[in-house]
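The values are calculated or read from the model by the stated rules, or taken from the named source; none is laboratory data. Keep in mind the model is a prediction, meaning the values are calculated, not measured. Don't worry about glycine lacking a Cβ; one is built from the backbone with ideal geometry, like all the others, and counts go over all protein chains shown. These area figures cover heavy atoms from the full protein model, side chains too; ligands, DNA and RNA do not enter into them. Shrake-Rupley method; radii C 1.70, N 1.55, O 1.52, S 1.80 Å.
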Protein chains: 2
Amino acid sequence: MPEYRKKDFPTDKIRRFLEPGPIVLVSSAWRAKTNIMTMGWHLVMGFEPALIGCYIWDANHSFQMIRKSGECVINIPTSDMIETVIGIGNTTGAEIDKFAEFGLTAEPAETVGAPLIKECYANFECKVRDAGALDRYGMFVLEVTKAHAATSPKYPKTVHYRGDGVFMVSGRNVSYRDKFKPQNL
Amino acid sequence: MPEYRKKDFPTDKIRRFLEPGPIVLVSSAWRAKTNIMTMGWHLVMGFEPALIGCYIWDANHSFQMIRKSGECVINIPTSDMIETVIGIGNTTGAEIDKFAEFGLTAEPAETVGAPLIKECYANFECKVRDAGALDRYGMFVLEVTKAHAATSPKYPKTVHYRGDGVFMVSGRNVSYRDKFKPQNL
């Protein structure tokens with residue numbers, strides 16, 4: 001067991017340790033315009049239906065597009081797209097067309113009006129299931145209505161944001177399936 | 001830019017790609033008993049105050065302990081603790097004392113009654129800020145009232161659950177601070 005020396009740590013910096021889920025790109029469409037945002041604040045909330053909770057700042061240009069259309073696509077970029085991920089995070093859809101600006105391909109989705117980002121490893125079409133109950137927290141509850149994922153590699157090399165411009169790239173995978181109780185999922 | 005071949009993917013398996021935030025251990029206390037659970041469904045919701053959202057299944061023994069006490073501690077285990085993380089996930093606090101069973105040290109917290117797990121890299125003391133507004137989703141909103149973290153290494157080697165007993169171990173860190181707009185955090 002490790003034994004660490006510790007000191008007080010600022011509570012407003014704990015995302016460095018807590019956040020590292022994969023950074024995703026969220027695409028949306030509203031009134032013939034599309035947009036893409038970079039997002040790192042999300043969690044899984046259920047399997048069937050597949051629910052994802054995410055926090056979107058209401059000042060973000062995507063916030064109203066997702067709210068009004070009631071739809072979006074969560075796209076999983078791989079680590080070779082990290083500069084694109086940063087570029088998308090640095091700009092606003094109020095000023096530019098992000099698909100054109102970053103050379104990304106918008107593909108039609110099957111169940112939503114928002115486009116898939118072709119270059120991403122996977123694409124999850126989502127409908128907003130609840131934007132009201134969680135309003136005071138800026139949370140959306142999304143239901144994945146259709147998912148697309150690459151067949152190879154089995155696990156993509158993803159990027160995970162730590163705050164302050166530092167990213168963690170996903171490492172090796174290890175299986176403990178034989179030690180796991182199935183009900184633990 | 002990568003170009004992937006894709007196929008339909010079951011929506012109930014997308015956690016493989018979306019979830020990989022660090023697996024955490026949540027410690028709680030209620031009426032002179034303590035407990036620990038393994039948790040992977042959480043997101044950052046704000047900095048000031050530091051808010052964390054998490055999903056806890058109501059059948060989990062920790063659910064009522066956290067609800068009744070209104071407190072818990074989020075502890076960050078490192079990859080050398082992976083077998084302990086699995087053991088804690090495989091057992092229930094209704095039957096065993098997890099601190100004793102897994103040889104972990106309970107240290108008193110400063111702002112909550114729940115104990116810190118000494119062997120973990122970091123410990124975030126939390127008060128339940130909202131268990132009601134998000135009730136229908138099994139979501140808790142936690143406010144971090146005190147945080148403790150190791151001084152070295154700067155970034156811990158964390159484990160990230162992919163479902164089905166497979167874990168991803170965090171990889172290298174890369175800084176893009178010079179390319180990042182400060183307001184993107």
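Restricting attention to segment A:27-185, the count of lysine pairs at 8 or more positions apart or across chains with alpha carbons under 24 Å apart stands at 22.
Model label points for B:GLN64 and A:ASP97, set 7 angstrom from Cα along the Cα-to-Cβ axis, are 5.9 nm apart. Counting only protein heavy atoms and a 1.4 Å probe, chain B has 42 square angstrom of accessible area per residue. Per-residue shielding of A:114-123, expressed as the average number of other chain Cβ atoms within 10 Å of the residue Cβ, stands at 3.
If you bin all the Cα-Cα distances of segment A:79-185 at 10 Å, starting from zero, the percentages per bin are 11, 27, 42, 17, 3, 0. Relative to the Cα centre, the charge distribution of segment A:99-165, modelled as +1 at Lys and Arg Cβ and -1 at Asp and Glu Cβ, gives a dipole magnitude of about 260 debye. With its label point put 7 Å out from Cα toward Cβ, A:THR105 sits 5.6 nm from the same residue's point in the other copies, in order from shortest.
Sorting B:TRP41, B:TRP30, B:TRP57 by accessible area puts them as B:TRP57, B:TRP30, B:TRP41; the probe is 1.4 Å, largest comes first, and only protein heavy atoms count.
Using a 1.4 angstrom probe with every protein chain in place, what is the largest-first accessible-area order of A:ASP178, A:ASP130? The partial results should precede the final answer.
Details: A:ASP178 135, A:ASP130 15 Å².
The residues order as A:ASP178, A:ASP130, largest area first.
A point 7 Å from Cα along Cα→Cβ stands in for B:ALA59, and the other copies hold the same point at 4.4 nm, listed in rising order. Find the percent of Cα-Cα distances in segment B:52-125 that exceed 19 Å, and round it to a whole number. When all Cα pairs of segment B:52-125 are counted, 36 percent exceed 19 Å. Modelled label positions at A:LYS33 and B:LYS179, each set 7 Å beyond Cα in the direction of Cβ, lie 2.6 nm from each other. Roughly how far apart, in whole Å, are the Cα centres of segment A:25-100 and segment B:49-99? So the separation of the two Cα centres works out to 31 Å. Taking Cβ atoms as reference points and 9 Å as the exclusive limit, the residues near A:ASN90 contribute a net charge of +2, counting Lys and Arg as +1 and Asp and Glu as -1. Using a 7 Å projection from Cα along Cα-to-Cβ, the label point at B:PRO153 is separated from the same position in the remaining copies by 1.8 nm, smallest value first. For chain B, a simple Cβ point-charge model (Lys and Arg +1, Asp and Glu -1, everything else neutral) yields a dipole of about 620 debye relative to the Cα centre. Exposed loop positions in chain B were taken to be GluC sites (Glu not before Pro) whose DSSP state is not H, G, I, E or B and which have at most 15 other beta-carbon atoms within 10 angstrom. Between these positions, the longest stretch is B:4-94.
Could you report the buried accessible area between B and A, both sides summed, computed with a 1.4 Å probe and given in Å² to the nearest 100? Could the numbers behind the result be given before it?
Working: alone 12170 and 12160 Å², together 15380 Å².
Buried area (both sides, nearest 100 Å²): 8900 Å².
B:SER170: net charge of surrounding residues, Cβ under 11 Å, Lys/Arg +1, Asp/Glu -1, itself excluded?
On the way: positive: A:ARG162, A:ARG172, B:LYS157, B:ARG172; negative: none.
Around B:SER170, the charge tally is +4.
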